[in-house]
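For reference, the structure is listed below as structure tokens.
The values are calculated or read from the model by the stated rules, or taken from the named source; none is laboratory data. Because the structure is predicted, anything quoted here is derived from the model rather than measured. FYI the Cβ positions are ideal-geometry reconstructions off the backbone, even for glycines, and counts take in every protein chain you see. Quick note on the areas: whole protein, heavy atoms, side chains included, nothing else; ligands and nucleic acids left out. Shrake-Rupley method; radii C 1.70, N 1.55, O 1.52, S 1.80 Å.
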Amino acid sequence: MSGVYLLGVDIGTYSSKGVLVRQDGSVIATQVVPHGMENPKPGYFEQDADQVWWSDFVKIVRGLFEKSAVKPEDVAGIGVSAIGSCVLPVDKDGKPLRPAILYGIDTRASKEIRFLERRLKKEFIFQTSGAHLTSQASGPKILWIRNNEPEIFSKTRWFLTSQAYLVFKLTGKPSIDIYTASGYAPLFSTKERRWMEEMGDLITPFDRLPPLYWSHEVVGTVTREAAQLTGLAEGTPVVCGTTDAAAEAIAAGVSAYGDMMLMFGSSVFFIMKTEQMISTQRFWSANFLEKGAFAFLGGMSTAGSLTTWFRDQFAQQEIANFGADGAYSLLAEMAAKSPVGARGLICLPYFEGERTPLHDPEARGVLFGLRLAHTKADIYRAILEGVAFGIRHNFEEMKNEGVWPNNLFAIGGGSKNPLWMHIVADVCGLQISIPQQQIGASYGDAFLAAVGVGLYDNLSEIKKWVKVKEIIEPDFGMHERYQEPYHIFRGLYPRTQSLMHRLAKYVEKMNILN
């Protein structure tokens with residue numbers, strides 16, 4: 001083995017992060033590169049695979065080597081993760097044919113979902129995929145390309161997801177991990193862990209879908225060309241990697257059955273490790289990252305993206321005086337002075353539709369109860385509470401399906417906001433553990449690489465790396481005070497759903513946001 005360092009890189013929605021760690025998990029260096037996301041039409045969200053994903057990867061790797069003085073030949077293995085699942089068509093040379101279509105926030109394939117449900121029947125899709133089709137599914141997005149961009153579809157050699165493109169650029173080999181493949185419904189059978197070849201005529205020929213791997217399996221090694229571009233050593237092993245949320249779950253310390261990660265990124269994502277595949281109507285089930293482990297999953301469309309939106313639109317003075325990060329801290333201080341319930345203001349956080357448990361791409365955001373007396377602090381607190389109410393809604397629906405976490409680990413940018421974490425604990429009445437290491441998915445990527453090259457036996461050994469920094473206990477007095485605002489929150493969506501859908505159709509017809 002060439003060395004005792006592991007490299008992990010994660011490509012997120014608004015930034016990419018990388019880490020170099022020793023074999024024991026101690027951090028040598030970190031690197032962050034911000035980037036943007038394209039929104040060319042309402043419901044369309046895209047990123048350029050070369051200008052964002054690969055460019056960020058190269059910058060991060062070179063930056064880590066400059067900061068750490070670690071020699072490239074001393075890196076034992078490389079793990080990657082990225083937003084997902086995404087759809088990126090590439091040609092026979094691996095060149096992207098269009099910008100990548102992003103995960104569940106991209107809702108362009110609603111017509112294709114309805115078509116597949118009619119053609120295949122909802123129950124068949126549910127039985128084979130472990131979930132119903134939603135905007136999170138990649139199969140309908142591939143069909144969208146086939147229907148709307150036939151020239152691109154005809155030139156496609158591989159449909160890759162985000163981290164798979166990085167692995168391809170590094171090794172020259174196509175791949176997808178079994179966990180992420182579950183997001184390619186209805187093309188993938190979660191129970192049989194295979195591509196559904198019989199879907200070839202309906203969506204895409206089977207040979208355009210990449211080979212399947214477990215997330216910690218080595219796909220190949222760094223090629224000479226990739227080594228020259230990145231500064232990595234030729235021949236360094238590269239594991240398959242996974243979607244960012246799954247890597248984040250490893251980084252959070254999810255190791256035992258019943259452990260659940262609550263990821264606060266641009267969106268909220270839940271992953272609970274289970275002993276068996278759970279049949280669920282409102283959530284998702286998948287194979288997890290290694291054989292014998294399964295995942296119960298859910299996700300909200302917006303969380304950190306809402307706080308970013310609010311800061312950028314309504315806190316320009318705070319940004320000018322204290323910088324972007326300082327503005328977040330000041331807004332949190334202001335929101336802490338607003339009382340529980342934000343003085344009678346309720347936020348539905350469905351600014352880009354909603355995933356679980358609503359599965360409604362045409363849901364819309366609402367600020368309900370506005371009065372002239374309301375302040376910036378009240379509105380910001382209402383946003384934080386609205387996300388917390390959405391999380392509680394998810395937990396209540398999980399409980400209805402017989403699922404409940406034994407341990408809850410919060411990770412991601414939002415978990416660094418103490419006010420927000422206390423609001424979530426109080427609203428949900430649940431204890432939340434905050435891991436000491438808050439690097440995120442790239443830390444989990446490094447551990448995937450460590451397992452892949454044989455430094456550890458299995459993913460449960462992540463407990464040797466991850467320690468809990470803080471445990472947030474719910475205040476049940478505050479929990480009671482949140483009951484009425486929460487029940488008003490729950491009543492708002494069903495009472496406005498038809499109007500939301502009507503408005504979404506009007507916006508699409510008039511092309512207002514393009």
Carbon/sulfur fraction of accessible area - the chain, other protein chains in place, 1.4 Å, %: 50
Relative contact order for segment 125-237, counting Cα pairs under 8 Å that sit 6 or more residues apart, in percent: 28
Entries of Lys291/Lys464; Lys273/Lys467; Lys95/Lys121 with Cα pairs more than 26 Å apart: Lys95/Lys121
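Counting only heavy atoms of protein chains, what accessible area per residue, in Å², does segment 1-101 have with a probe of 1.4 Å?
38
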Computed Rg/Rh of segment 253-399, alpha carbon atoms with Kirkwood Rh: 1.05
R0 of 35 Å, Cβ-Cβ distance Gln438-Glu198: FRET efficiency to nearest 0.05: 0.20
Computed P(r) (all Cα pairs; segment 17-58; 5 Å bins; percent): 6, 18, 20, 16, 14, 12, 7, 5, 3, 0
Enclosed volume per residue, in Å³, of the convex hull spanned by Cα atoms of the chain: 139
Simple label model, 7 Å out from Cα along Cβ direction - Trp404 to Arg119, nm: 4.3
Residue among His359, Leu503, Gly18 farthest towards the positive dipole end of the chain, charges placed on Cβ: Leu503
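Can you tell me how much longer the chain between Glu275 and Arg224 gets when fully stretched, taken as 0.36 nm per residue apart minus their C-alpha distance, in nm with one decimal?
Between Glu275 and Arg224, full extension yields an extra 14.2 nm.
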Dipole in debye (nearest 20) - segment 397-514, about Cα centre, beta carbon charges: Lys, Arg +1; Asp, Glu -1: 420
Segment 339-408: Rg to Rh, with Rh as the Kirkwood radius over Cα pairs: 1.06
Dipole in debye (nearest 20) - segment 160-241, about Cα centre, beta carbon charges: Lys, Arg +1; Asp, Glu -1: 180
Contact order normalised by residue count of segment 1-160, Cα under 8 Å, 6+ apart, percent: 23
Cα Rg, Dmax (largest Cα-Cα span) when computed across segment 421-514, Å: 22.0, 57
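Which value, in debye to the nearest 20, describes the size of the charge dipole of the chain about its Cα centre when Lys and Arg Cβ atoms bear +1, Asp and Glu Cβ atoms bear -1, and nothing else is charged?
For this selection, approximately 900 debye.
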Mean residue ellipticity (222 nm) of the chain, computed from DSSP H runs ≥ 4 via -39,500 (n - 2.57), nearest 500: -11500 deg cm²/dmol
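Report the net charge of residues surrounding Asp207, where surrounding means a beta-carbon distance below 11 angstrom and charges are Lys +1, Arg +1, Asp -1, Glu -1.
Taking every other residue near Asp207 into account, the sum is +1.
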Mean accessible surface per residue for segment 196-282, computed with a 1.4 Å probe while every protein chain stays in place, in Å²: 34
Relative packing of 53-62, 360-369, 316-325, 445-454, which averages over residues the other C-beta atoms within 10 Å, highest first: 445-454, 53-62, 360-369, 316-325
Farthest toward positive dipole pole in segment 78-193 [+1 Lys/Arg, -1 Asp/Glu at C-beta], among Gly183, Pro150, His132: Pro150
Protection proxy ranking of 78-85, 293-300, 497-504, 206-213 - average other beta-carbon atoms within 10 Å, highest first: 78-85, 293-300, 206-213, 497-504
For segment 426-514, accessible area per residue (1.4 Å probe, heavy atoms of protein chains only), Å²: 53
Amide H contacts of Val468 (H built 1.01 Å from N, under 5 Å, at least 5 apart or other chain): Gln436
Summed side-chain charge close to Ser189 - residues other than Ser189 whose Cβ falls under 15 Å, Lys, Arg +1, Asp, Glu -1: -1
